[in-house]
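Here the structure is laid out as structure tokens; the discussion comes afterwards.
The values are calculated or read from the model by the stated rules, or taken from the named source; none is laboratory data. None of the values given here were measured: they were computed from a predicted structure. Cβ placement follows ideal geometry from the backbone for every residue including glycine, while neighbour counts extend to all protein chains displayed.
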Amino acid sequence: MRRDPFQAIADPTRRAILSLLALGAMTPNAIAANFDSTRQAISKHIQILSECELLKQEQSGREIYYYLNHRKMKEVDTWMEQFRKLWNKRFTQLDTVLDNLKKQKK
């Protein structure tokens, strides 16, 4: 089953997992150690992120390591860029309005 990456990153725990893995590959147990949730709950989050192709896994001996799929994360970033540009433009406009208001008060 293929899931939507945007739906996956809507969950704060999954965003936290992605933030952890941005630092480097980790085993499921190492990921779970950073949360108050059960190991099973974290495994479900990892499964959802993997189904969205936001994570990849690599076997090393008996351990499985999860790491970010940078290509998929780049797709998310590219989609979000349009909104980033829009908000930057609006913040710039707001700065201009505030500067004009300050000048009028002087």
Scanning segment 31-42 residue by residue, those small (Gly, Ala, Ser) and surrounded by fewer than 14 Cβ atoms within 10 Å (Cβ to Cβ) turn out to be Ala33, Ser37, Ala41
For segment 48-98, the count of residues that are surrounded by 10 or more Cβ atoms within 10 Å (Cβ to Cβ), among the polar types (S, T, N, Q) and within 15 Å of the chain's Cα centre (by Cα) equals 2
On the given criteria, is Ala30 assigned to a helix (DSSP H, G or I), modelled with pLDDT of 95 or more and over 22 Å from Ala10 (Cα atoms)?
yes
In segment 52-106, residues that are β-branched (Val, Ile, Thr), closer than 21 Å to Ile17 by Cβ and assigned to a helix (DSSP H, G or I) total 1
Within segment 1-27, of all residues that are of a type in the set (Val, Ile, Thr) and assigned to a helix (DSSP H, G or I), the one surrounded by the most Cβ atoms within 10 Å (Cβ to Cβ) is Ile17
